[in-house]
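Novice: Provided herewith is a single structure, encoded as structure tokens, for subsequent inquiry.
Here, each number is a calculation from the coordinates, and none is a lab measurement. Just so we're clear, the structure is a prediction, and the values are computed from it rather than from any experiment. Cβ coordinates were reconstructed from backbone atoms using ideal geometry, including for glycine residues, and neighbour counts include every protein chain displayed.
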Amino acid sequence: MLSGDLHDRRADREKRTRPTVVVRYRPVPANRRCLRELGAGLEEEGVPFRAEPVGEDSTARELAYGAALASDLDVGVGVDAAGNTCVHHAKLPPEVPALAGPPSAARGMGHNAARLVVGIPFKTIDQ
Amino acid sequence: MTLVVGVDIGNSTTEACAAEIGEDGLITYLAGALARTTGVKGTTENVAGVVEVVRDALAAAGRAPADLDTILINEATPVISGLAMETITETIITESTMIGHNPDTPGGAGLGVGTTVSLGELPGRAPGSPVICVVGAGVDYERAAGDINAATARGVPVTGAIVHGDDANLIANRLRRPIPVVDEVTLVEKVPLGMPAAVEVAEPGRTIRTLSNSYGIATVFQLDPEQTRMIAPVARALVGNRSAVVVRTPTGDITDRRIPAGSLTLIGETARRVVKVDAGAEEIMATLRGVRPLADAAGEPGTHVGGMFARVRDTMSELTAMPVGEVRIKDVLAVDTFVPQRVTGGLAGEFALENAVALAAMVRTSRGPMERLAARLRAELGVRVLIGGVEADMAVLGALTTPGVGRPVAILDLGGGSTDAAVTTARGQVESVHLAGAGDLVTSLIDSELGLENPGLAEEIKKFPLAKAESFFHIRMEDGTARFFDEPLPPDAFARVLVLTDTGMHPIPTRHTMEKIRQVRRAAKERVFVVNALRALEQVAPRGNVRQIGFVVVLGGSALDFEIPDMIAQAVAEFGIVSGTGNIRGTEGPRNAVATGLVAHYTAARTAEEPAHALG
Ligand SMILES: Nc1ncnc2c1ncn2[C@@H]1O[C@H](COP(=O)(O)OP(=O)(O)OP(=O)(O)O)[C@@H](O)[C@H]1O
Ligand SMILES: [Mg+2]
């Protein structure tokens with residue numbers, strides 16, 4: 001009885017999605033590198049993420065805010081068609097992102113999106 | 001009715017008190033004002049500051065400058081204080097034997113031991129003996145992981161890695177066999193190759209166990225007792241780190257060198273003693289007690305302390321046109337401190353906490369160019385200017401306007417450069433003393449102990465409480481209470497320790513915890529003000545017996561501090577003394593005592609028809 005119960009609960013948990021930072025990006029070829037760097041920053045800090053391509057043309061900030069709302073961790077990253085990145089938090093006003101940067105800052109933005117989740121001060125970004 | 005303004009020129013602050021004196025000798029206090037002192041106290045440079053406070057005090061009192069009858073200024077004798085820091089230990093790593101820093105994100109966990117080999121040399125390495133891989137600047141993490149995996153597959157056991165970039169987890173996550181990886185090693189190119197080395201990374205939330213233990217290092221490198229003794233400072237330097245690297249080079253050495261800090265000569269009226277600065281504050285202060293009253297002091301030329309004494313003497317001699325040889329150091333305060341200093345030979349910008357002694361010294365003359373200052377003021381404002389009584393006497397008179405205070409009483413005036421004390425007997429006799437070391441020394445201890453190199457921020461940390469930003473919308477204060485905001489905090493405040501100043505919250509850009517900053521702040525205040533309060537009271541107390549003093553009123557800018565008066569009250573309670581912060585005229589708090597005392601003194605003298613000593 002008991003073991004069956006346990007098993008059910010575990011299966012339940014598996015079905016639910018793991019909490020992640022959500023990265024929403026414009027799927028242009030040039031963004032491949034940017035996405036890799038973002039992911040590297042997040043991974044180095046040990047924070048899981050999932051990346052979602054987005055069809056409609058939006059600014060990095062709009063993408064980031066939508067991503068933050070979709071994230072169980074309340075943290076989202078947006079990457080526009082030019083590779084500019086923005087980090088947002090679901091509790092912040094939409095027009096006030098946590099951080100924004102040029103394509104060259106992608107790695108650091110990944111680190112800092114993760115730090116926003118972990119709750120440690122941001123890394124100074126070298127671009 | 002006579003309109004007067006009492007003006008107290010301090011080292012940091014010039015204060016004024018406007019009052020009207022009736023024919024019957026009744027004083028009506030009208031208003032107070034304060035401004036920064038311009039120039040060195042007791043010199044003609046002070047005129048600008050005095051003119052400003054007089055104008056402000058009259059404006060606040062609603063009186064026209066034309067109605068002003070007399071300005072009363074204190075006998076402001078120049079007091080010049082100097083500060084010096086003498087570092088007495090230094091950590092030097094020769095031949096780079098260790099890396100002991102705390103990167104935010106080291107990778108893997110455990111201990112790896114082997115010979116250091118650069119990533120480029122891995123493919124040429126013969127299988128067999130274990131290696132530690134050194135990954136230089138600019139190498140991509142996928143390549144590094146790929147090369148390490150390839151080497152392992154060929155039978156070259158890679159047991160640990162030392163990496164330049166912030167890549168430790170990225171590399172560790174891609175390895176088929178997990179190893180400890182230390183990253184953010186800025187000077188990775190200086191890691192000696194072909195040498196036995198050990199890399200250790202602790203699990204998150206833990207600290208390393210092997211490389212911070214002398215016998216752990218001895219086990220790893222099979223050291224004999226003599227070699228173990230030599231390596232002990234390395235282990236000590238690594239205690240508390242989450243990750244570390246030790247490379248064993250044949251001549252490698254780390255030393256805890258003691259820097260010759262020179263000596264201090266303390267000359268009393270009957271005795272003369274020499275004390276080594278590196279003997280520490282306690283020894284220096286004990287020696288000073290032994291020769292008191294201090295007639296003069298000298299530091300060894302070529303040391304920081306020697307330089308500081310020379311500076312102080314030169315400034316005073318310039319001000320008073322007194323020959324340098326005649327300027328006497330009247331007090332010295334030594335405080336033990338520590339300064340974070342970059343480890344010579346470190347590979348990752350490591351800091352070591354070095355011991356240091358901070359010294360404050362003070363010179364004082366009775367020959368201030370006061371007469372010239374008074375004449376200049378008279379010319380500037382066109383009113384009578386009188387030089388009032390001795391500062392300490394005036395401070396006592398001012399303190400007596402605090403509700404609940406009566407004679408006999410002692411005052412402690414906690415300023416910027418000096419701590420002054422005075423006691424008055426029931427019959428009105430006043431005994432006073434001026435000691436080196438006050439608010440400015442506290443600020444500089446905070447600055448150096450936290451490694452801020454920002455005196456402005458240190459001053460704020462001294463004056464205001466701390467908090468930690470816990471989210472974009474709330475902070476946790478030092479006492480554990482939370483405060484919430486409608487507007488999000490700026491990103492640079494995120495997860496930082498903040499100082500809550502009257503002009504807003506300022507992030508403190510260090511990795512120190514709130515608890516650590518608080519502890520440094522409080523310890524600095526204790527070491528300066530509690531020590532000086534006891535020292536000062538001891539010197540003015542009847543027959544040196546502090547217990548004879550019943551009441552202490554704490555005054556001056558540093559009495560506005562949110563914890564110093566409490567620390568003093570607690571320390572003197574032991575001697576049965578009641579101590580509290582003054583409240584001059586029941587309205588001014590601990591400020592304005594001397595300015596108020598000048599008015600009270602002048603009035604009393606006038607009523608007694610003792611002609612005051614008028615000028616011009
Ligand atoms: N609100 C405050 N909290 C703590 N310290 C303060 C506060 N305001 C001023 N201070 C400190 O008071 C000191 C200056 O004190 P004050 O204005 O009494 O000096 P002073 O009498 O002009 O000079 P000195 O005593 O050196 O001759 C400075 O160290 C300053 O940091
Ligand atoms: Mg003072």
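Novice: Can you give me the relative contact order of segment B:292-398 as a percent, contacts being Cα pairs under 8 Å and 6 or more apart?
Specialist: 21 percent
Novice: I've got another one for you. Distance from the Cα centre of segment B:184-210 to that of segment B:111-129, in angstrom?
Specialist: Each part's Cα centre sits 15 Å from the other's.
Novice: Could you list the trypsin sites (Lys or Arg not before Pro) in segment B:136-208 that lie in coil according to DSSP, counting only those with at most 13 other Cβ atoms within 10 Å of their Cβ?
Specialist: Those satisfying the criteria are B:Arg154, B:Arg176, B:Arg206.
Novice: Restricting attention to segment B:471-532, which GluC sites (Glu not before Pro) occupy a DSSP loop and are surrounded by at most 16 other Cβ atoms within 10 Å?
Specialist: B:Glu478
Novice: A follow-up question, please. Quick one, can you get me the convex hull of the C-alpha atoms of segment B:96-254 expressed as volume per residue in Å³? Intermediate values should be presented prior to the final figure.
Specialist: Details: hull volume 15.1 nm³, N = 159.
Residue-normalised Cα hull volume stands at 95 Å³.
Novice: Given R₀ = 30 Å, what would the calculated FRET efficiency be for B:Met567 paired with B:Ala48, taking r from the Cβ atoms and rounding to 0.05? Working shown, then result.
Specialist: Numbers: r = 35 Å, r/R0 = 1.18.
It comes to 0.25.
Novice: Give the lysines reachable from A:Lys123 as a straight Cα distance under 29 Å; neighbours fewer than 8 places away on the same chain don't count.
Specialist: A:Lys91, B:Lys190, B:Lys462, B:Lys463, B:Lys468, B:Lys516
Novice: What trypsin sites (Lys or Arg not before Pro) in segment B:403-500 are in a loop by DSSP, with at most 15 other Cβ atoms within 10 Å of the Cβ?
Specialist: Working: sites: B:Arg427, B:Lys462, B:Lys463, B:Lys468, B:Arg476, B:Arg483, B:Arg496; in loops: B:Arg427, B:Arg496.
Sites meeting the loop and neighbour criteria: B:Arg427.
Novice: Once both axes come from the Cα atoms, what is the angle between helix B:370-381 and the longest principal axis of chain B, in degrees from 0 to 90, rounded to 10?
Specialist: So the helix axis and the longest Cα principal axis differ by about 80 degrees.
Novice: Add +1 for every Lys or Arg and -1 for every Asp or Glu among the other residues with Cβ under 15 Å from the Cβ of B:Leu377, and state the total.
Specialist: -1
Novice: Continuing with the same structure: So for segment B:96-254, averaging the separation of alpha carbon pairs under 8 Å that are six or more residues apart and normalising by length, what relative contact order in percent results?
Specialist: Relative CO of segment B:96-254 lands at 31 percent.
Novice: For B:Thr315 and B:Ala295, compute 0.36 nm times the residue count separating them, minus their Cα-Cα distance, and round to one decimal in nm.
Specialist: So the chain would gain 5.3 nm between B:Thr315 and B:Ala295.
Novice: Okay, which of segment B:163-207 sit inside 15 Å, backbone N to the point 7 Å along the Cα-Cβ direction of B:Asn149?
Specialist: Label zone hits: B:170-179.
Novice: What nm distance separates the two modelled labels at B:Met1 and B:Val390, each placed 7 Å from Cα along Cα→Cβ?
Specialist: 3.6 nm
Novice: What is the angle, in °, between the Cα long axis of helix B:564-573 and the longest principal axis of the Cα atoms in chain B? Nearest 10 is fine, range 0 to 90.
Specialist: Helix B:564-573 and the main axis of chain B meet at about 80 degrees.
Novice: Considering every residue in A:40-46, what mean count of other chain Cβ atoms within 10 Å of its Cβ is obtained?
Specialist: Per residue, the number of nearby Cβ atoms from other chains is 6 on average.
Novice: A further question follows. Could you give the dipole magnitude of segment B:96-254 about its Cα centre, charging the beta-carbon of Lys and Arg +1 and that of Asp and Glu -1, in debye to the nearest 20?
Specialist: Values: 13 positive and 15 negative charges, 84 e Å.
Dipole size: approximately 400 debye.
Novice: Hey, in the GNM for chain A with a 10 angstrom Cα cutoff, which one of A:Ala100, A:Ala30, A:Ala40 fluctuates hardest?
Specialist: Looking only at A:Ala100, A:Ala30, A:Ala40, the biggest GNM fluctuation is shown by A:Ala30.
Novice: Can you tell me the FRET efficiency between B:Asn545 and B:Glu515 if r is taken as the Cβ-Cβ distance and R0 is 35 Å, rounded to the nearest 0.05?
Specialist: Numbers: r = 39 Å, r/R0 = 1.11.
In this case the efficiency is close to 0.35.
Novice: What is the dipole size for segment A:21-118, taken about its Cα centre, with +1 at each Lys and Arg Cβ and -1 at each Asp and Glu Cβ, in debye to the nearest 20?
Specialist: Dipole about the Cα centre, nearest 20: 220 debye.
Novice: Compute the distance in nm between two label points, each set 7 Å from the Cα along the Cα-to-Cβ direction, one at B:Arg206 and one at B:Thr115.
Specialist: Between B:Arg206 and B:Thr115, the simple spin-label model gives 3.1 nm.
Novice: On to the next question. Provide the packing ranking of B:114-120, B:420-426, B:377-383, i.e. peptides ordered by the mean count of other C-beta atoms within 10 Å per residue, highest first. Kindly include the intermediate steps, with their values, before the conclusion.
Specialist: Values: B:114-120: 18.4, B:420-426: 20.7, B:377-383: 15.9.
Answer by packing, highest mean first, reads B:420-426, B:114-120, B:377-383.
Novice: Would you work out which of B:Gly136, B:Asn454, B:Ala151 lies farthest towards the positive end of the dipole of chain B, given +1 charges on the beta-carbon of Lys and Arg and -1 on that of Asp and Glu, about the Cα centre?
Specialist: It is B:Ala151.
Novice: Let me ask you something else. Take every residue in peptide A:85-98, count the Cβ atoms of other chains within 10 Å of its Cβ, and give the average of those counts.
Specialist: 2
Novice: Using only Cα atoms, find the angle between the long axis of helix A:31-44 and the longest principal axis of chain A, and express it within 0 to 90 degrees, rounded to the nearest 10.
Specialist: The angle comes out at about 50 degrees.
Novice: Please report how far the C-alpha centroid of segment B:457-475 lies from that of segment B:275-344, rounded to the nearest whole angstrom.
Specialist: Their Cα centres are 35 Å away from one another.
Novice: Follow-up. Could you give the nm distance between label points at B:Leu193 and B:Thr587, where each point is 7 Å from its Cα heading toward the beta carbon?
Specialist: 7.9 nm
Novice: In addition: Can you work out D for chain A in µm² s⁻¹ from Stokes-Einstein, where Rh is the Kirkwood radius over C-alpha pairs, the temperature is 4 °C and the viscosity is 1.567 mPa s? Don't skip to the end; give the middle numbers.
Specialist: On the way: Rh = 14.8 Å.
Here the translational diffusion coefficient equals 88 µm²/s.
Novice: Still on this structure: Suppose every Lys and Arg Cβ carries +1 and every Asp and Glu Cβ carries -1, with no other charges. What dipole size does the protein assembly as shown come out with about its Cα centre, to the nearest 20 debye?
Specialist: Its charge dipole is roughly 1400 debye.
Novice: Further question: Taking DSSP loops as anything outside H, G, I, E and B, show the longest stretch in chain B free of chymotrypsin sites (Phe, Trp or Tyr not before Pro) there with at most 13 other beta carbons within 10 Å. Write out the running numbers ahead of the final one.
Specialist: Numbers: sites that count: B:Phe485, B:Phe562.
Longest site-free region, per DSSP loop and neighbour criteria: B:1-484.
Novice: If you take each beta carbon of peptide B:480-491 and count the beta carbons of other chains within 10 angstrom, what is the mean?
Specialist: The shielding value for this peptide is 2.
Novice: Got a sec to turn the phi values of segment B:236-241 into Karplus ³J(HN,Hα) couplings, 6.51 cos²θ - 1.76 cosθ + 1.60 with θ = phi - 60°, whole Hz, x for Gly and Pro?
Specialist: My calculation for segment B:236-241 gives 4, 5, 9, 4, x, 7 Hz in order.
Novice: Sticking with this one: Find the centroid of the Cα atoms in segment B:482-530 and in segment A:36-93, then give the distance between the two in whole Å.
Specialist: Using only Cα atoms to place each centre, the spacing works out to 31 Å.
Novice: Please compute the length gained on full extension between B:Asn454 and B:Ala379, using 0.36 nm multiplied by the number of residues separating them and subtracting their Cα-Cα distance.
Specialist: 23.0 nm
Novice: Further question: For B:Lys276, go through the lysines and keep the ones whose alpha-carbon is under 23 Å away, minus same-chain ones fewer than eight residues off.
Specialist: B:Lys330
Novice: Apply 1/(1 + (r/R0)^6) to the Cβ-Cβ distance of B:Thr219 and B:Arg476, taking R0 = 45 Å, and write down the FRET efficiency to the nearest 0.05.
Specialist: 0.55
Novice: Normalising by the residue count of chain B, find the relative contact order in percent from Cα pairs under 8 Å and 6+ residues apart.
Specialist: The value is 15 percent.
Novice: Taking +1 at the Cβ of each Lys and Arg and -1 at the Cβ of each Asp and Glu, which of A:Val75, A:Gly101, A:Pro53 sits farthest along the dipole of segment A:21-118 towards its positive end, judged by Cα position relative to the Cα centre?
Specialist: Going by the Cα projections, it comes out as A:Gly101.
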